[in-house]
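The values are calculated or read from the model by the stated rules, or taken from the named source; none is laboratory data. Computed from a predicted structure; not experimentally measured. With ideal geometry, Cβ positions are generated from the backbone for all residues, glycine too; neighbour counts draw on all protein chains shown. When the accessible area is computed, the model is the full protein with side chains, heavy atoms only, and any ligands, DNA or RNA have been set aside. Shrake-Rupley method; radii C 1.70, N 1.55, O 1.52, S 1.80 Å.
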Amino acid sequence: MGEAGLASRESLSLLTPSPDGPLTLVVECRTDPRKRGDAHQITFDVDWQVHTPHDLEAERIALAFGGYLSCISLVDQVAPALAELAQLIGRRRLPALHRRGNQEWRLALPVVGCRCEGKSFRTPELAAFHARDIRHWVAQYGVSARVLAHLAEDVARAHGITEWVGSHPARSLVREGSGLDDLWQAGLHPEYVADVHQAVWCDGPPLPTRFYLGAAYLGASCDWLAAIARATFDVDVLTWAAWTVCDLDRTDPDARLQWLGLRLPLRDIAVLMSGGYTRASAEQLAEVTHQDVTRAASQLAGWQAAGCTPGPGDLAVLSRAGVDPWYRPSPRAVDRLMADVAGLRAAPTRTQAALVLAVTQNVRSAAALLRLGIFEPFAANLTLEGTP
Ligand SMILES: [Zn+2]
């Protein structure tokens, strides 16, 4: 899968300082950081290089002897910060975000001393909003907030950028009336929305705001999402896929479609996928335990929901040991067992512990077997049968 949806943004070029390219502005030029200075013009050229009326080489030498000139910081720090920030203000680049857990969004590159350092945001919108916050850029570049904020406003004004999108043909591609504005707040350009719709389901219905957010920030490629749309024609399934995309989708892009061929709750499929299970695992389990595939899949999902990833062979052993096929490990009991055996020199994996627990059906006996180094359900069962 590509970089978080960036591949489909080819119709959007980088934002230049003004719609014509260069931008000429008046700034206050200080020769003493504590005193007001005179105003003069500066020009940002198309690639954000800034031109001032100064002989900067000479000014740099003066700087070495204790002089001060605000235009040097303007050239060295403010202009590079502005060039990057402008791409987010113009929604020409997506901020790099990472999701951890359901409601934890972080900036991929948090800034030391900024509120994003070690903190997460509840939604991608809030994280994207922070990525455009002047304070974030001030913390990162150590520039004057006053100067950067003024210049950022000047650039936005030159392009007519506001907090709202206005009328745009992409409105018809988003299901919710205010969806395009919400996506703009979350850092998505209407052209990006149009590109994603075109790439994923060009003759399809309007798609939910949530779909576009997932497609932008969770790393599913448009090609893969298009394959899901073609196979299901289902907006909700497509949105679910964008939000639950996982490693298995990247290594085996057909795995999810194969699961969707079974009548399973979507939640079970997401759990199975996150454990790396393919439909073949369920088919194998069904064969060795003589049950139907759907039931075998739901058995694997039950184990995975407790954080355990047994192979079909392991569960077949349980079946032969007489363990009820409806048995599902209790996450809390497995936690307790893991805590019990945490000090062992050779500690079992969570899956091994849960399999032994399934045989003994109680934590204390399972812990006793694990302490003896019996980590396999087959050996655990033999030991139990040999115990009067
Ligand atoms: Zn920050």
Original post:
Restricting the search to region 240-265, which residues are exposed (fewer than 15 other Cβ atoms within 10 Å of the Cβ) and under 15 Å from the mean Cα position of the chain (by Cα)?
Top reply: Asp247, Arg250
Subject >> region 339-356: number of residues that are open to solvent by 50 Å² or more (accessible area, probe 1.4 Å) and within 24 Å of Met273 (Cβ to Cβ) >> reply: 2
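For region 78-158, please list each of the helices (runs of 4 or more DSSP H) lying entirely inside it that holds at least 3 residues being more than 15 Å from the ligand (Cβ to nearest atom) and closer than 24 Å to Leu183 by Cα.
Ranges flagged: 79-89.
Can you find a residue in region 319-327 that is of a type in the set (A, V, I, L, M, F, W, C), modelled with pLDDT of 95 or more and open to solvent by less than 50 Å² (accessible area, probe 1.4 Å)? Break it down into steps so the answer makes sense when it comes.
Of all residues in region 319-327, those of a type in the set (A, V, I, L, M, F, W, C) come to 321, 323, 326.
Subset that is modelled with pLDDT of 95 or more: none.
So far as region 319-327 goes, no, none of its residues is of a type in the set (A, V, I, L, M, F, W, C), modelled with pLDDT of 95 or more and open to solvent by less than 50 Å² (accessible area, probe 1.4 Å).
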Original post:
With region 250-306 as the region, which helices (runs of 4 or more DSSP H) entirely inside it contain at least 1 residues that are within 19 Å of Arg320 (Cβ to Cβ)?
Top reply: 279-289, 293-305
Original post:
What is the number of the single condition among (1) open to solvent by 70 Å² or more (accessible area, probe 1.4 Å); (2) in contact (Cβ under 8 Å) with a residue 40 or more places away in the chain that Ala39 does not meet?
Top reply: (2)
Original post:
In region 196-210, is there at least one residue being closer than 30 Å to Val50 by Cβ, under 20 Å from the mean Cα position of the chain (by Cα) and open to solvent by 10 Å² or more (accessible area, probe 1.4 Å)?
Top reply: no
Original post:
Does region 53-69 contain at least one residue that is out of contact with any strand residue (DSSP E or B) (no Cβ under 7 Å at 6 or more places or on another chain), without any contact (Cβ under 8 Å) to a residue 60 or more places away in the chain, outside any loop (DSSP other than H, G, I, E, B) and among the β-branched types (Val, Ile, Thr)?
Top reply: yes
**OP:** Starting from region 119-137, keep only residues that are farther than 17 Å from Glu163 by Cβ, then list their pairs with residues that are of a type in the set (Gly, Ala, Ser) and within 11 Å of the ligand (Cβ to nearest atom) whose Cβ atoms are within a distance under 9 Å, requiring at least 6 positions of separation or different chains.
**Re:** Ser120/Ala127; Phe121/Ala127
**OP:** Give region 159-203 a look and list any residue that's touching a Lys or Arg at 6+ places or on another chain (Cβ under 7 Å) and outside any loop (DSSP other than H, G, I, E, B), or say none.
**Re:** Leu180, Trp184, Tyr192, Asp195
Original post:
Assuming Ile72 fulfils every condition listed in (1) at pLDDT 95 or above; (2) more than 16 Å from the ligand (Cβ to nearest atom) apart from one, which condition is it?
Top reply: (1)
**OP:** Consider Gln185 carefully, then state whether it is open to solvent by 30 Å² or more (accessible area, probe 1.4 Å) and touching a Phe, Trp or Tyr at 6+ places or on another chain (Cβ under 7 Å).
**Re:** yes
Original post:
Failed condition for Asn381, given (1) modelled with pLDDT under 95; (2) open to solvent by 40 Å² or more (accessible area, probe 1.4 Å); (3) farther than 19 Å from Ala305 by Cβ, with all others met?
Top reply: (2)
Subject >> Condition check for Asp268: of a type outside the set (Lys, Arg), in contact with an Asp or Glu (Cβ under 9 Å, 6 or more places away or on another chain) and crowded, with 18+ Cβ neighbours inside 10 Å >> reply: no
